[in-house]
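Enquirer: Pasting in a structure now, in structure tokens, and then I'll have a few things to ask.
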Number of protein chains: 4
Amino acid sequence: MMNKSKKESLLQAAKELFGECGYVETTFKKISDKAGVALGLLTHHYGNKEKLFLACGLDVLEHFLKRLRQATSEADSGFDGVMRFCKAYLDFSIDRDSNWLVLVRCSPYSDMKTKTDRDIMDSMFSQVHQELERVIARGIEDGSLVTVDSKSTAQVIISLMVGANRTRVLTPYAMPSLYKDVLDFVARSIKA
Amino acid sequence: MMNKSKKESLLQAAKELFGECGYVETTFKKISDKAGVALGLLTHHYGNKEKLFLACGLDVLEHFLKRLRQATSEADSGFDGVMRFCKAYLDFSIDRDSNWLVLVRCSPYSDMKTKTDRDIMDSMFSQVHQELERVIARGIEDGSLVTVDSKSTAQVIISLMVGANRTRVLTPYAMPSLYKDVLDFVARSIKA
Amino acid sequence: MMNKSKKESLLQAAKELFGECGYVETTFKKISDKAGVALGLLTHHYGNKEKLFLACGLDVLEHFLKRLRQATSEADSGFDGVMRFCKAYLDFSIDRDSNWLVLVRCSPYSDMKTKTDRDIMDSMFSQVHQELERVIARGIEDGSLVTVDSKSTAQVIISLMVGANRTRVLTPYAMPSLYKDVLDFVARSIKA
Amino acid sequence: MMNKSKKESLLQAAKELFGECGYVETTFKKISDKAGVALGLLTHHYGNKEKLFLACGLDVLEHFLKRLRQATSEADSGFDGVMRFCKAYLDFSIDRDSNWLVLVRCSPYSDMKTKTDRDIMDSMFSQVHQELERVIARGIEDGSLVTVDSKSTAQVIISLMVGANRTRVLTPYAMPSLYKDVLDFVARSIKA
DNA sequence: TATGAATGAGATTTCATTCAT
DNA sequence: AATGAATGAAATCTCATTCAT
């Protein structure tokens, strides 16, 4: 059983801190202290703060995509796939171990100004859309969904996921039933 | 014909810069340069950066609320009111003169860390929710809407507004039909 | 009698330190300590280290040019003008109060890598050449000099000034008679 | 056919980089990258950066001296020797393969601050002077030169070489005929 | 000999805020 | 109300050098 490498410690500490404190409030010192490594190792391994931030976001996104794909793979109809997708999305966002907040702050929907190769994040994130488009297309084919454009409907549903998630994890006034209500809202709108 | 006062110039410049560049990238120097006034006037009039940021956000929010209220007041049914609310929300967000982006970065849905009296913004923003709850309640009463809980449905719909808006103004991949699709999506889900 | 302003103190301290320690070894801290002002005032007034360096060099260059022009203006022949020019050049370089070394490190003949608007320094320095070209041209006309091309001869003589000066102020082995020998060398080469 | 040893690759890369970028801008990483060897080999073989810099300079100086000595050895008079010396000096400085710039930045005439055993460089460089003194002495003896002090005249002529060379390789405004003009200037000044 | 991860002191630069005028 | 010089804490990033492998 190997210990985590210092590079990995750094990434883990960064994910937690970027998520909790945001980009600006997270400093090199905080990260290296938390990871228990030297300050300079950060640039040695990751180049600069922005690149580390991106690495954190992509790491979370990778796990996120895995979870979404697993969820849709278990669906027995297009409609079921959409619902599983939405549930998996929302569940992942409140999983304590997922470091979801980093992705919130780093995703294309964030209001942060990044000079970062935002393109990389954009193109990776588009896979989330593709996954949903796929199940919507299936649902239209198998008759479990109303007839809509799959691409634009995916964009609407993901917009709702984004907004609901932000309501829950960022605002102080989300109702306990929010995620359930959201699923009902989606179901009513697209069920055949 | 009075010229704008220096205090007002400052607020206007700040709204534009906070919106365009974000909180961190917007500096006192940039603001005072753009406004064409002395640096020191900023703290003199607004206390500190956070307070100015809040003032910008509240200023936009005020106009936003006015627009929403006018929209709902013209409705001839609850359902119509909801649709008018949503349309007004989305229209305002792409109005060139509304300085919407400041509010995006300052609202409870922002991923920024603020020490600011976030409470003030939260409580002001809750009026947006109340406005929507009101028309939903009316729609349930007048039979134009499905029977749902007005408070939680308002939260879902506003979540969708938030997400759709972010898709449009922050990401590079929003489809041209997004706002229209969103309205259709809402209508399908709640129309009686 | 006003005291020197903080901006002026900064420039004076910088001239001394850049001259004595070189660009790299001169730090913001050393400069602000020596000038007795706050660290941040440096960028406030001069933008950045490079610009301050340039300001130092140009300040010395300005005094240098004044001295050269005065020297040539007193000449009673072209040949005399050239000799006065050379003497003034060399004298200025060992004047304790001239902060000559900054200019050595900042001039077009320096081996430092500068991103600085080197162009500004180059074009200012070309005035030194022009001044010498003028007296050479006069000497050819009045018959006190051999017939040569004034522009290229100026370049040769200034090359000799540059080299002799570096020998004197940078190397440990300059002979005491160097400057005198240089003047003799020039006289032999160009006297009619 | 042996390949260059890693130690030699390192020296070659260092000569090019120190010459092109200067001492400060040249980093261990750049050197090891360019040489295609491990970072740690640098200190392993050369101790530290300063020592490597000196090694580079001395390597170039060695070739330089060889060239100068060959040039003077072919002279058929003292005057001819001086002219050959000067020509060889200037030619070497624009030989693409000589890595001359390292020596410019490392020589006693450089404006860099070095903690390096500057003494070593100084004493090696004095051999350049000695070589010129020798031919000047010969020229006085054989009557091909004016009667001057050989040591101090050597210093003047080398000053001119230094300055002319810097004009050519460091400034943007050297005239094409500069090196030729310099040789003429010297000839006029010392020919018997 | 060879590698490159690891260290941490130190440099430059930014900028909100203060304050004398 | 208005100005902008002045402050200094804090952040990011660099890089020679060390050292375990």
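Computed from the coordinates by the stated procedures, all read-outs in this text should not be read as laboratory data. The structure presented is a predicted model; accordingly, all values stated were derived computationally and were not measured. Don't worry about glycine lacking a Cβ; one is built from the backbone with ideal geometry, like all the others, and counts go over all protein chains shown.
Enquirer: Between rounded, prolate and oblate, where does the range C:117-170 land on the alpha carbon gyration tensor, with a ≥ b ≥ c its root eigenvalues, rounded for a/c under 1.5, else prolate if a/b exceeds b/c? Spell out each step's value before the answer.
Expert: On the way: a/c = 3.13, a/b = 1.49, b/c = 2.10.
Oblate is the answer for the range C:117-170, as a/c is 1.5 or above yet b/c matches or exceeds a/b.
Enquirer: Separate question: Under a point-charge model restricted to the Cβ atoms of Lys and Arg (+1) and Asp and Glu (-1), what is the dipole moment magnitude of the protein assembly as shown relative to its Cα centre, in debye to the nearest 20?
Expert: On the way: 108 positive and 100 negative charges, 202 e Å.
With Lys and Arg at +1 and Asp and Glu at -1, about 960 debye.
Enquirer: Give, as a single signed number, the net charge of other residues whose beta carbon lies under 11 Å from the beta carbon of A:D97, with Lys and Arg counted +1 and Asp and Glu -1. Don't skip to the end; give the middle numbers.
Expert: On the way: positive: A:K15, A:R96; negative: A:E16, A:D95.
Here the count lands on 0.
Enquirer: Just need the relative contact order of the range B:57-190 here, percent rounded to a whole number, with Cα pairs under 8 Å and 6+ apart.
Expert: 28 percent
Enquirer: Per residue of the range D:150-159, in order, report the coupling 6.51 cos²θ - 1.76 cosθ + 1.60 (Karplus, θ = phi - 60°) as ³J(HN,Hα) in whole Hz, putting x for Gly and Pro.
Expert: Running phi through 6.51 cos²θ - 1.76 cosθ + 1.60 with θ = phi - 60° gives 5, 5, 6, 5, 4, 5, 5, 5, 5, 4 Hz.
Enquirer: Give a residue-ordered list of calculated ³J(HN,Hα) values for the range D:73-84 (Karplus: 6.51 cos²θ - 1.76 cosθ + 1.60, θ = phi - 60°; whole Hz; x for Gly, Pro).
Expert: With the stated coefficients, the range D:73-84 comes to 5, 8, 6, 9, 7, x, 4, 4, x, 4, 5, 5 Hz.
Enquirer: Quick one: grab the alpha carbon gyration tensor of the range D:139-192, order the square roots of its eigenvalues as a ≥ b ≥ c, and give me rounded if a/c is under 1.5, else prolate or oblate depending on whether a/b is larger than b/c.
Expert: Values: a/c = 4.59, a/b = 2.08, b/c = 2.21.
Cα axes put the range D:139-192 in the oblate bin.
Enquirer: Considering the rotational relationship between chains B and D, which residue of chain B contributes the beta-carbon of minimal distance to the axis, and what is that distance to the nearest Å?
Expert: Reported as residue, whole Å: B:E25, 15.
Enquirer: To check my understanding: the extent here is largest minus smallest coordinate of the Cα atoms along each principal axis. What are those three numbers for the range D:57-190, in Å, largest first?
Expert: Ordered largest first, the range D:57-190 gives principal extents of 43, 33, 24 Å.
Enquirer: Over 27 Å between Cα atoms, which of A:K7/D:K29; B:K151/B:K180; A:K6/C:K49; A:K15/D:K30 qualify? Before the final figure, lay out each step's value.
Expert: Numbers: A:K7/D:K29 20 Å; B:K151/B:K180 24 Å; A:K6/C:K49 36 Å; A:K15/D:K30 31 Å.
Pairs exceeding 27 Å: A:K6/C:K49; A:K15/D:K30.
Enquirer: Could you tell me how many degrees, from 0 to 90 and to the nearest 10, lie between the Cα long axis of helix C:178-190 and the main elongation axis, the longest principal axis, of the Cα atoms of chain C?
Expert: That helix lies at roughly 40 degrees to the long axis.
Enquirer: Another one. Dipole size in debye (nearest 20) for chain A around its Cα centre, Lys and Arg Cβ +1, Asp and Glu Cβ -1?
Expert: Numbers: 27 positive and 25 negative charges, 120 e Å.
About 580 debye.
Enquirer: With a sphere of radius 10 Å drawn around the Cβ of D:T153, what net charge do the other residues whose Cβ falls strictly inside it have (Lys, Arg +1; Asp, Glu -1)? Before the final figure, lay out the partial values.
Expert: Numbers: positive: D:K151; negative: C:D181, C:D184, D:E133, D:D149.
Net charge in that neighbourhood comes out at -3.
Enquirer: Provide the convex hull volume over Cα atoms per residue for the range B:1-47, in Å³. Numbers along the way, then the final one.
Expert: On the way: hull volume 3.2 nm³, N = 47.
It is 68 Å³ per residue.
Enquirer: Quick one: C:I120, A:I157, fewest Cβ neighbours within 10 Å first, how do they rank? Present the calculation step by step, with values, prior to reporting the outcome.
Expert: On the way: C:I120 12, A:I157 25.
Going from least to most buried by this count: C:I120, A:I157.
Enquirer: State the answer as a single residue: which of B:L103, B:F79, B:P172 lies farthest towards the positive end of the charge dipole of the protein assembly as shown, with beta carbon charges of +1 for Lys and Arg and -1 for Asp and Glu, about the Cα centre.
Expert: It is B:L103.
Enquirer: Relative to the present Cα-Cα distance, how much length would full extension add between B:I120 and B:R69 at 0.36 nm per residue of separation? If you can, show how the numbers build up before the last one.
Expert: Values: separation 51, 0.36 × 51 = 18.36 nm, distance 2.00 nm.
Working it through step by step, the gained length comes to 16.4 nm.
Enquirer: Here is a follow-up. By how many degrees, between 0 and 90 and to the nearest 10, does the Cα long axis of helix B:6-25 differ from the longest principal axis of chain B?
Expert: With rounding to tens, the tilt is 70 degrees.
Enquirer: Something else: Quick check: from the Cα gyration tensor, does the range B:1-136 come out rounded (a/c under 1.5), prolate or oblate? Display every interim value, and only then the final one.
Expert: Details: a/c = 2.54, a/b = 1.91, b/c = 1.33.
Prolate shape, in that a/c is at least 1.5 and a/b is the bigger ratio.
Enquirer: Given the Cα atoms of the protein assembly as shown, and with Rh set as the inverse mean 1/r over their pairs in the Kirkwood sense, what is Rg to Rh to two decimals? Write out the running numbers ahead of the final one.
Expert: Working: Rg = 37.7 Å, Rh = 32.4 Å.
My calculation puts Rg/Rh at 1.16.
Enquirer: Can you find, among B:I190, B:T26, B:S150, the residue farthest towards the positive end of the dipole of chain B? Put +1 on the C-beta of Lys and Arg, -1 on that of Asp and Glu.
Expert: Of the listed residues, the answer is B:T26.
Enquirer: Given DSSP loops and a limit of at most 16 other Cβ atoms within 10 Å, what is the longest stretch of chain D that contains no such trypsin sites (Lys or Arg not before Pro)? Mind showing how you got there, number by number?
Expert: Details: sites that count: D:K4, D:R96, D:K113, D:K115.
Looking at chain D, D:5-95 is the longest stretch - no exposed trypsin sites (Lys or Arg not before Pro) with at most 16 other Cβ atoms within 10 Å.
Enquirer: Any idea how far apart B:K7 and C:E25 come out in nm if each label point goes 7 Å out from Cα toward Cβ?
Expert: 5.6 nm
Enquirer: A further question on this structure: Please arrange A:T153, C:T27 by counting, for each residue, the other beta carbons lying within 10 Å of its beta carbon, fewest first.
Expert: Working: A:T153 24, C:T27 13.
Final ranking by Cβ density, sparse to dense: C:T27, A:T153.
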